[in-house]
Each structure stands twice: as C-alpha cells, then as structure tokens.
1. Examine region 189-207 for a residue that is without any contact (Cβ under 8 Å) to a residue 60 or more places away in the chain, among the charged types (D, E, K, R), farther than 20 Å from residue 113 by Cβ and outside any strand (DSSP E or B), and state whether such a residue exists.
2. For region 120-134, enumerate the residues that are free of Cβ contacts under 8 Å to residues at least 40 places away in the same chain and either within 24 Å of residue 206 (Cα to Cα) or touching a Cys at 6+ places or on another chain (Cβ under 9 Å) (or both).
3. Please identify the pairs in which a residue from region 11-28 that is in the same structural domain as residue 45 (by TED's automatic domain parsing) and closer than 15 Å to residue 82 by Cα has its Cβ atom under 9 Å from the Cβ atom of a residue that is assigned to a helix (DSSP H, G or I) and of a type outside the set (Asp, Glu), counting only partners at least 6 apart or on another chain.
4. Only one of 223, 234 is in contact with a strand residue (DSSP E or B) (Cβ under 9 Å, 6 or more places away or on another chain) and either closer than 30 Å to residue 291 by Cβ or among the basic types (Lys, Arg) (or both). Can you tell me which?
5. Regarding region 78-86, can at least one residue be identified that is closer than 15 Å to residue 45 by Cβ, hydroxyl-bearing (Ser, Thr, Tyr) and surrounded by fewer than 23 Cβ atoms within 10 Å (Cβ to Cβ)?
6. Before we move on, is residue 263 within 28 Å of residue 395 (Cβ to Cβ) and buried (at least 16 other Cβ atoms within 10 Å of the Cβ)?
7. Hey, could you check region 4-51 for residues that are in a helix (DSSP H, G or I) and among the acidic types (Asp, Glu) and say which is surrounded by the most Cβ atoms within 10 Å (Cβ to Cβ)?
8. Any residue in region 305-325 that's within 14 Å of residue 287 (Cβ to Cβ): show its pairings with residues that are modelled with pLDDT of 95 or more and of a type in the set (Ser, Thr, Tyr) at Cβ separation under 8 Å, as long as the two are six or more apart or on different chains.
Amino acid sequence: MTDTASLSRLIEIVGERNALRAPEDTASYLREWRDLYVGKTPVVLRPGSREEVAAILAHADASGLKIVPQGGNTGLVGGQIPSESATEIVLSLSRLNKVRAVDADGFSMTVEAGCTLQAIHDAAEAADRLFPLTLGSQGSCQIGGNIATNAGGTAVLAYGNTRDLVLGLEVVLPDGRILDGLRSLRKDNTGYDLKQLFIGSEGTLGIVTAAVLKLFPRPRAQDVAFVGLASPKDALALFSRARARAGSMLTGFELMPRIGVEFAVKHLQGARDPLQAPSPWYVLMELSAGTEDAEDASPTRVLMETILGDAYEAGLVEDAALAESGQQAADFWHIRHGMSEVQREEGGSIKHDVSVPVADVPAFLQEAIAAVEALVPGCRPVPFGHMGDGNIHFNVSQPPGADKAAYIARWDEMNAVVHDVVGRYSGSISAEHGIGRLKRDLLAEVKSEVEMDLMRRVKAAFDPNCTLNPGRVL
C-alpha cells in the first residue's frame, strides 16, 4: 500500500474534500465503461489548478508514487483505469473545467483540460464559431483526454485528428515543472514541436492542464443523407465521386452495416429506420458550406442531390433519404453515434479499432468478415465507422444465445485473426483509440525495433522514474 505520510501530503495539496477515498465516492473512477478493467486506488485526487497538479506530481515523483491521469473516463483501451494493486493514485482533471478565453477574430479558444467536449462546442457556437471534433461521448469526455489520446471522431475527413486542432498546450511534467505553451500562433518554427509529443501520449509523458484550440467558421449550409447501398465496394465508389465533386465540402462519410442499423432501431431510444426498404449497407453522408446561396436552394442541397442522382443512375445507390430539418439530420447521426453503445444489448462484443488505406476498405471487410465467421460460427460482425479516412470499428457481437463469458474469453484469439488481415493491408491495429493497457503487448508486434527503442527513450527522457501511467503504451 502507498505510504501513509506520502498520501497525507497529497491530500493536503487538494484538501480533504477533493481527496476521495470512500468506495462509494471512488467507484465511478475505477471502472471502464465496458467492464474490461476494474481497478483499485488509495485515493482519487481532484486538483483545482495547474499549481496543485504540479505540486502533486513533484511530490509523487520524489516519493516513488504512481499517478494515473483521468479525464471523463470514456477511454476504450484501459489507460485511464488504475491497476488492481491499489498502489496507483488517480488524478482527475474534472475540476479544471473553465473556458479561459474565446478569440473569435483569431479563430481560437483557450480551455482547461477538464472541459467536456460538449461545453467546448457550446462556447464555440456562442461565438459563432465551430470546434469540429465530434464524438459519441462528447457530453462526458474531456478535452484533456481527447488530446492525450489524439481522438478522431466523425469529422476527421474534413478537419483532421485532435493533433490537427491544437495550437498550444499547458502541460505539467512528471517532476512538477510546468511547460507553458499556450500560444495561438499558426506558425512557429523554432525547434522541436514539443506539444505534438504530448498529443497522443496517453498521459505517459505529462499531464495536459490547458490547451489553445483551433476554431473554424460555422457552416451556413449543411445537408445530410442516409444512403442505402448493396456493398462496401459501392460505398467506396460513392465516396470517390462525392470527394471529387464536393472537395472540402464533404465533411462526413460514415459506413454502417444493416445489422448495426437494426441494433440501433431496436435498442436506441428515439431511433427509427430512415429508409422504407432494407439495404445490406448504408452511408451517412454530410456536406457543409460556409455560405448560403441567395437562391432558395442551398449549395449543399443542390450538390447532394446531384451526387446522389448521378450515383443512382450509375447503379451505386439503392435508396436515400435527405434530412429535411436539423432535427432529422440529428436523428440520422443519432443512429451512427449510438452504434457502439447498442451492441451491449446484444451480449458480448469483441471490438477492433483498425484502419487500412481507404481504397482497401471493401477488400479488408470481405476478408475480415469471412475470417471471424470461420473462427466463431454464428458470430455477428458489426463493422462500421469512418470510411472517408479508412478507420473501421470492426466489432463482432456474440452468436445469439451464446455464453457471454465464454465468447469474451476468445478476445485475443479474434484480435489475432482480425489484426492479421489488417497487417496484410499495411494497416493499423489502433486507428484512434490508442494503446493503453489493452493493446500494450501488441505494440511490439507491429512496431519495428527502432520505433520501440525511440519511444522508450522518449519516455525515459520525460519520465525517468515512471511516475505517470506506468505500464500503459510501453
């Protein structure tokens, strides 16, 4: 157990009120939402300033204590959950939740790490600006965690990953020093871009306490279509046509199988099938424009109808529904964002967050689906996700009526089958969720010795005492 005197100093830094020890107070910080990881901790610390974070890390680093940073606890690879040893201390950033400044003219905003993604969206909207990072968990995930994991989401096609949306960072280093890099410069070519080391480092190199984020103009015209197709190959052909025709106006292109839509309609509150007849596959396509035409029809509406009309004539599209209101567009997106959540209602789900080159998505899906069905006859593949950037959440639900525990016990076996297919297409075993604890032992299998050596050297340089998130990533 953690030394009592060392623990007392940490509690003194944040105050008794913000040092949680009772089981009923710490429970929500110790369990990953899929129940893959349930940890223990002597205390959950809730600092209220960067100075308190710095004092905690300085003391921990000098005392040999181990700190696990945690945001909204929505991570999917276990990096935010303490081990079962009851020796790792959880540091929650939830009290650092202020929007410090919004610079509408400069298209940037400065926020603290504990701000939820939804609060950032709301603050940007109030200034008539857009922060494009969009996730199904945005009501509870926090921007510090989004930065630490380089979150992706449904807007990567048009705006990039989180690392493309960060201008500056404030980071507390493992020894307690503060790296103050809260600059909104669009160009700064003075040496190494240190902030990029922390983005995607999963809390192993430093704790992000604040960030300067990029803002964008709010779309003045936007149209969303729910499209039925026969195959991923047809979806790829539609994507190619839409991208060539719409360019940067194509802001969303999500692929979903029929079974995923059926799960959503069955289990997701408020969801209904947008099309009258079922199709084997679906695409959710979004077009956005910064201006509205003076004419009655918006530029995105005209373009969407043209793209879909041409695709229908080419035999690529079976049916399509165009959203007639903002609410209907939100309803379409509701189905997509709820697709991972509803699989819990169908029993065990073995998940993969993978990416392959966009042009290889159809072939990958064909091979991977055949491989898992051969491994577990009767299993139900539910592959969906960001076709526009090649990121597929290749989830596989258990056969109906199967024993959940016995099915989940085959997690590693199924991972190996799917990742083998990913490897044949020179893809990635973690497109946007990260490595954490779940994929740590797989990392050395997909990275070269040189890459692993360099990552270990970076970790040793920033955190020689392994104070932050030990056993995660590396």
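1. First, the residues of region 189-207 that are without any contact (Cβ under 8 Å) to a residue 60 or more places away in the chain: 189-196, 198-199.
Adding the requirement that they be among the charged types (D, E, K, R) leaves 193, 195.
Narrowing further to those that are farther than 20 Å from residue 113 by Cβ: none.
Scanning region 189-207, I find no residue that is without any contact (Cβ under 8 Å) to a residue 60 or more places away in the chain, among the charged types (D, E, K, R), farther than 20 Å from residue 113 by Cβ and outside any strand (DSSP E or B), so the answer is no.
2. If the condition is that a residue be free of Cβ contacts under 8 Å to residues at least 40 places away in the same chain and either within 24 Å of residue 206 (Cα to Cα) or touching a Cys at 6+ places or on another chain (Cβ under 9 Å) (or both), then 123, 133 are the ones that fit.
3. Pairs found: 20/26; 20/29; 21/11.
4. Working: 234 fails: either closer than 30 Å to residue 291 by Cβ or among the basic types (Lys, Arg) (or both).
Testing whether each residue is in contact with a strand residue (DSSP E or B) (Cβ under 9 Å, 6 or more places away or on another chain) and either closer than 30 Å to residue 291 by Cβ or among the basic types (Lys, Arg) (or both) leaves just 223.
5. No.
6. Here the answer is yes, as residue 263 does meet what is asked.
7. Narrowing region 4-51 to residues in a helix (DSSP H, G or I): 4-14, 16-18, 23-29, 50-51.
Within this subset, residues satisfying the condition of being among the acidic types (Asp, Glu) are 12, 16, 24-25, 51.
Details: 12: 12, 16: 9, 24: 7, 25: 11, 51: 14.
Of everything passing the filter in region 4-51, 51 is surrounded by the most Cβ atoms within 10 Å (Cβ to Cβ).
8. Listed pairs, sorted by first residue: 320/312.
The values are calculated or read from the model by the stated rules, or taken from the named source; none is laboratory data. Everything numeric in this text was worked out from a predicted model, so none of it was measured. Note: ideal-geometry Cβ built from the backbone for every residue, glycine included; neighbour counts use all protein chains shown.
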